[in-house]
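What follows draws every value from the coordinates through simple rules; no lab data is involved. Since the structure is predicted, the reported quantities are computational estimates derived from the model, not experimental observations. Every residue, glycine among them, receives a Cβ derived from its backbone with ideal geometry; neighbour counts consider all protein chains shown.
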Amino acid sequence: MATETAKLNFTSHSDTHGAMLDRARWAATTFARYDRAATLKIARAVAQAAHSQAARYAEWAVRETGFGVVGHKRLKNELCSLGIFETHKNTDWTGPTIDRDRKLVRIGRPAGVILALTPSTNPVATVFFKTILALLTRNAIIICPHPAAKACCADAADLLAAEAVKAGAPDGVIQVVREPSIPALEGLMGDERVDLVVATGGPAVVRAAYRSGTPALGVGPGNGPVYVDSSADLTAAAARIVESKSFDNSILCTNESVVLAENAIADQLLNTLRAAGAHVCSPGERESLRAFLWSDKGFNVGAIGKDAAVIARACGFTIAGDAKILLVPIDRLLPEEHFTREKLCPVLGFAPVGGVDEAIRAARSMTRKSGGGHSAAIHSQNETTIMTYAAAVSALRTVVNAPCSQGAAGFGTNLGPTMTIGTGFMGGSALGENLTPASLMNWSSIAYPTDERVPFGNFEGLTPWQTPNSIVSVPSQLARSVPALDELALLREQIRSLVRDELKSALGRT
Amino acid sequence: MFDYGMFKFSSKEEVIEKSIAYWNPGKTKFWRDSGIDLVIDKREGYVIHDMDGKRLIDLHINGGTFNFGHRNTELIDTLKIALDHFDIGNHWFPSVARTALAEALVKVCPGFDYAFFTPGGAEAIDVAIKSARYATQRRKIISIIKGYHGHSGLSMATGDARFSKIFLSDRPDEFIQVPFNDLAAMERALSSRDIAAVILETIPATYGFPMPHDGYNQSVKALCEQYGALYIADEVQTGLLRTGEMWGWQSYGVQPDIFVNAKGISGGIYPFAITMLTKRTGAWMEEDGAAHISTSGGAEPGCFVALKVLEILKRPEVRANVQYLTRYFGDAFRDMVQSDGDVIVGLRQKGVVMGVEFAHPEGAVHASRALYENGVWAIFSSLDKRVLQFKPGVLMSYALAEEVVDRFRVALPRMRELIAQAPSVRSAA
């Protein structure tokens, strides 16, 4: 009888996603009428809740996915919670904003329902990041986590959802797909009830997002070249590179992939890198590593985010206790050389180049097939070299004299912290900047004639959403429970110092 | 040409003519004469299409039958899969599907012990009344004037005389009626101490959803206890999350001795009804379990559909949707009462169970027609034509809800016009 009844399979016929999208639409419609103070209150409460659980989710993410370093994930979770909130909270994402000189008024228009894909490599940090950006812009968000990280992401999303509602957000503003799968994802991305897909993941997922017909912001993979020229402070450069490659075991897609060392300083740089914590691989070790990391099926997922020592052991060699990364000298900067490809693990290619022109050629070759539009780094004091390099490499952000993992992701630079790096047209994306709240909304403009005889209206003090016939009511307690300005300022300063301290410890310097 | 494979019609007119000739002359002519020339053809979600292609948003949903929309794909898939293995089954024997559904129902009906299945609501009410009579060994049943419980022998006897006298089937000696919301009248009727049960729609639907006064249902239950009668809740229109809770009686904090649900539990695709009984009210099944037989009651494919209905209702998203719909329509009609108070004077509402009150005594009849002309199908209350039954399904989306309100507002001038042309115009003021 058991075999008979097993024929009746009802599991594929469940439309929970439709109900989820409908709920998100109600939430988005309601949320779009919140004013700035109410919105900030919600975003702040959620950012605080996320920040307070940063360590717990860091540990959980590493346990669930096997990727990365708990301490570094904790830092990313912290930066992607209060750090993100701090970065963007002083900008008005709500409006109305009044520009008397140009006779323009702008009113914020949220995207609506955002479907956010989050990767297994930076799972909870991306959940935090996208959720807080969505809240700052009054959107409803549905998180679709990578299946390998679904438990920690669902738990985090539930926590944030509860905090959001507690702070006055409409029900359903944050939801999560609990059983993510490719068919479920494709169905959701193509559903007309989704207004925007924000895809962080592999190139296949990003292309699928764009194919879906729904407006999408997808970002492609990285493969960061780092050029070190003879003008660079080699000791500092080596320290930064090792710091960057070992940060969360290179799981950020902004990590350096190959060091391109100007011939004149190449040997010296190799030695400084060794001193800074790089194990320089022998040709034999290189080949074991190659066999371990790549197969016909592509990159070995089992190596992603693992410690250098663990990878070395898997390849049959041991490294010194203080070695943090594996440095692999290579001869040919051509696509068939595996070590020129993206490596989300602390394995770094190393090749001497004749000068900036050859560095550019090598960098372009590395990113021709995959990794375009992403990130590059340079260590140099020469502005001409820096500008030539930045203008020619296939990257939309070149960080100078900084660890690329952190710097290109906006940590310790002024790019704005992000877990979603826009790879632009050269990287198959509609998004060139790092994802910010601005990416998740539009503005409706009220425009008057430039003709001076037509006077500009007086819009001061008008609230666009409290129209008399408002048919979606905002919870009435919101207006009363927003904290006073002083309280906000105090909190702001606390958070600012918190973020400052964390950045210091992350970057090892001020 | 309308070709349906097994039959063809040249036009909608042909369907209507033949419907008068062969099916039901009175019903067919009534709608034709009311200006509602509807023959429903395609249907999907909360939208139905007339044979002529006219699109209508369905707010009638046949009292909750289409609570989950027309041809809900999840329910259809469920039924199709069930039919690969089951037929209606043999009512004499225990069955896997009936047992599983009964257990699932008992779990979502706190205070109840058994689920009894029938193919329709009227028979389910008959089972409720029989069970009450057995348990109390009394015959008399109290119901509400303008209450409605169906058209079978006992259920019909509880209802409006319109449906019983025509068939010489009224039984005033055993079936007593009292006004709704009148506790004194209820107590007078109960005080004879020979009443088996009071039967109440938790909110009387066909009467236009007059809202029970605060504490009314609970007070009736208390009076029942005082005078040894049982309380039967007719939850056909108020169950299945339509009042915001799984069952309407939960919304009103009253614990019935028996309750009945139908329509929505069928998913609109497989006739089904349930009578929920306690150990006490289901005691007759110990003495003679075959005392009430229903060959197609608890038909097994219907059990699968009903289980799926329960699964859908347990989703937090669905509960949230009901809350949003409740607030949205509540706000929309409050605004309309403000802006168009000459036509619309109020909204009766508990969850998505709603009655729109018109100033004119037959305002809802005209509103029904004006809405029909503007793409919305909502029916007036046949026992109170001042009130339009306004019943969005629990899965209705924001976009469709917004469209309903848009269409309602567009139809308002036409309502005003039809009301002005009506024979007996009464001013709202």
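Take every Cα-Cα pair in the stretch A:365-411 and report what % of them are more than 18 Å apart. Please list the in-between numbers first.
Numbers: 292 of 1081 pairs.
When all Cα pairs of the stretch A:365-411 are counted, 27 percent exceed 18 Å.
What is the dipole size for the stretch B:7-96, taken about its Cα centre, with +1 at each Lys and Arg Cβ and -1 at each Asp and Glu Cβ, in debye to the nearest 20? Don't skip to the end; give the middle numbers.
Working: 12 positive and 14 negative charges, 39 e Å.
Result for the stretch B:7-96 is approximately 180 debye, rounded to the nearest 20.
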- Using only Cα atoms, tell me the angle between helix A:123-136 and the longest principal axis of chain A; keep it within 0 to 90° and round to the nearest 10. 30 degrees
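Taking the Cβ-Cβ separation of B:ARG139 and B:VAL108 as r and a Förster radius of 45 Å, what is the calculated FRET efficiency to the nearest 0.05? Please report the intermediate quantities before stating the final value.
Working: r = 32 Å, r/R0 = 0.71.
About 0.90, to the nearest 0.05.
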- Which value at 222 nm does chain B reach when only helices count, each DSSP H run of 4 or more adding -39,500 (n - 2.57), with the total divided by all residues and rounded to the nearest 500 deg cm²/dmol? -12000 deg cm²/dmol
- Item | Kirkwood-Stokes translational diffusion coefficient of the stretch A:255-390, alpha-carbon pairs, 37 °C, 0.692 mPa s, µm²/s | 212 µm²/s
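If you stretched the chain out fully between A:MET387 and A:ASP331, how much longer would it get, using 0.36 nm times the residue separation minus the C-alpha to C-alpha distance? Walk me through the numbers before you get to the answer.
Numbers: separation 56, 0.36 × 56 = 20.16 nm, distance 2.64 nm.
Separation in residues times 0.36 nm, less the Cα-Cα distance, equals 17.5 nm.
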- What average number of partner chain Cβ atoms lie no more than 10 Å from the Cβ of the residues making up A:17-30? 6
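What is the extension gain from B:VAL96 to B:LYS27, computed as 0.36 nm multiplied by their sequence separation minus the C-alpha to C-alpha distance, in nm to one decimal? Walk me through the numbers on the way to the answer.
Working: separation 69, 0.36 × 69 = 24.84 nm, distance 4.02 nm.
Extra length from B:VAL96 to B:LYS27 when fully extended: 20.8 nm.
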- Taking the alpha-carbon set of chain B, what are its Rg and Dmax in Å? 21.6, 64
- Message: Treating the stretch A:97-204 as a set of equal point scatterers at the Cα positions, no solvent, please give the Debye-formula log₁₀ I(q)/I(0) at q = 0.18 Å⁻¹.
- Response: -0.83
- Item | Whole-number D in µm² s⁻¹ for the stretch B:62-204, Kirkwood Cα-pair radius fed into Stokes-Einstein, 4 °C, 1.567 mPa s | 73 µm²/s
- Taking the simple approach of a point 7 Å from Cα along Cα-to-Cβ for both B:HIS151 and B:ALA290, what is their distance in nm? 3.1 nm
- Using +1 on the beta carbon of Lys and Arg, -1 on that of Asp and Glu, and nothing else charged, what's the dipole of the stretch A:224-413 about the Cα centre, debye to 20? 520 debye
- Message: Using a Cα-Cα cut-off of under 26 Å, which lysines could be cross-linked to B:LYS221, ignoring same-chain neighbours fewer than 8 residues away?
- Response: B:LYS107, B:LYS130, B:LYS140, B:LYS146, B:LYS263, B:LYS279, B:LYS350
- Heads up, the stretch A:381-438 by the C-alpha gyration tensor (a ≥ b ≥ c square roots of eigenvalues; a/c under 1.5 rounded, else a/b over b/c prolate, else oblate) looks oblate
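Evaluate the relative contact order of the stretch B:73-314 (contact order divided by residue number), counting alpha-carbon pairs under 8 angstrom at least 6 apart; express in whole percent. Could the numbers behind the result be given before it?
Values: 479 pairs, mean separation 72.9, N = 242.
Over the stretch B:73-314, the number comes to 30 percent.
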- What is the distance in Å between the Cα centres of the stretch B:380-405 and the stretch B:125-183? 28 Å
- Query: Efficiency by 1/(1 + (r/R0)^6): what FRET value for A:ASP267 and A:THR318, r their Cβ-Cβ distance, R0 = 35 Å, to the nearest 0.05?
  - Reply: 0.90
- Projected-area average for the protein assembly as shown over all orientations - Cα convex hull basis, square nanometres: 49.4 nm²
- Which of the peptides A:87-93, B:73-79, A:249-255 is most tightly packed, and how do the rest follow, going by the mean number of other Cβ atoms within 10 Å of each residue? A:249-255, B:73-79, A:87-93
- Peptide ranges A:134-140, B:288-294, B:388-394, B:312-318 listed from the most packed, as the mean C-beta count within 10 angstrom indicates: A:134-140, B:388-394, B:312-318, B:288-294
- Task: Quickly estimate the mean residue ellipticity at 222 nm for chain A, helices only: each DSSP H run with n ≥ 4 gives -39500 (n - 2.57), and the total goes over all residues, rounded to 500.
- Result: -12500 deg cm²/dmol
- Extension gain from B:ALA222 to B:ALA161, taking 0.36 nm per residue of separation minus the Cα-Cα distance: 19.2 nm
- Where in chain B are the DSSP H helices whose alpha-carbon span along the long axis reaches 30 Å or more and whose Kyte-Doolittle mean is at least 0.0? B:398-421
- Query: How large is Rg/Rh for the stretch B:73-314, to two decimals, with Cα atoms and a Kirkwood Rh?
  - Reply: 0.96
- Hey, if you drop one equal point scatterer on each alpha-carbon of chain A and run the Debye formula without solvent, what base-10 log of I(q)/I(0) do you get at q = 0.09 Å⁻¹? -0.66
- Rg (Å, one decimal) plus Dmax (Å, integer) for the alpha carbons of the stretch A:253-333? 13.1, 38
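Normalised by the residues of chain B, what does the relative contact order come to in percent, with Cα pairs under 8 Å and at least six apart?
Values: 864 pairs, mean separation 83.2, N = 429.
Once divided by the residue count of chain B, the mean separation gives 19 percent.
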- Query: Measuring from label point to label point, each 7 Å out along Cα→Cβ, what is the B:SER191 to A:ASN300 span in nm?
  - Reply: 9.1 nm
- Message: What's the ranking of B:362-373, B:84-95 by average number of surrounding C-beta atoms within 10 Å, highest first?
- Response: B:362-373, B:84-95
- What percent do you get for the relative contact order of chain A when only Cα pairs under 8 Å and 6+ apart count? 18 percent
- Task: Work out the charge dipole of the stretch B:73-314 with +1 on the Cβ of Lys and Arg and -1 on the Cβ of Asp and Glu about the Cα centre, then indicate which of B:SER131, B:PRO204, B:MET276 is farthest towards its positive end.
- Result: B:PRO204
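I'd like the mean, over residues of B:328-337, of how many other protein chain beta carbons sit within 10 Å of each residue's own Cβ. Write out the running numbers ahead of the final one.
Values: counts 6, 1, 2, 5, 3, 1, 3, 4, 2, 0.
Per-residue shielding by partner chains comes out at 3.
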- Gyration tensor (Cα) of the stretch B:1-84, equivalent ellipsoid semi-axes in angstrom: 26, 17, 13
- Message: Taking the Cα of A:GLU287, stepping 7 Å toward and past its beta carbon, and measuring to each backbone N in the stretch A:319-333: which are under 18 Å?
- Response: A:328-332
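Calculate the dipole size of the stretch B:73-314 relative to its Cα centre from +1 charges on Lys and Arg beta carbons and -1 charges on Asp and Glu beta carbons; express the result in debye to the nearest 20. Don't jump to the answer; show the numbers that get you there.
Numbers: 21 positive and 27 negative charges, 77 e Å.
That gives the stretch B:73-314 a dipole magnitude of about 380 debye.
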- Message: Can you compute the FRET efficiency between A:ARG364 and B:ASP84 using 1/(1 + (r/R0)^6), with r the Cβ-Cβ distance and R0 = 56 Å? Round to the nearest 0.05.
- Response: 0.45
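Would you tell me the mean number of C-beta atoms belonging to other protein chains that fall within 10 Å of each C-beta in A:157-166, as a whole number?
On the way: counts 0, 0, 0, 0, 0, 0, 0, 0, 0, 0.
Mean shielding by partner chains, rounded to a whole number: 0.
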- Task: Classify the stretch A:144-256 as rounded, prolate or oblate from the Cα gyration tensor: take a ≥ b ≥ c as the square roots of its eigenvalues, call it rounded if a/c is under 1.5, otherwise prolate when a/b beats b/c and oblate if not.
- Result: prolate
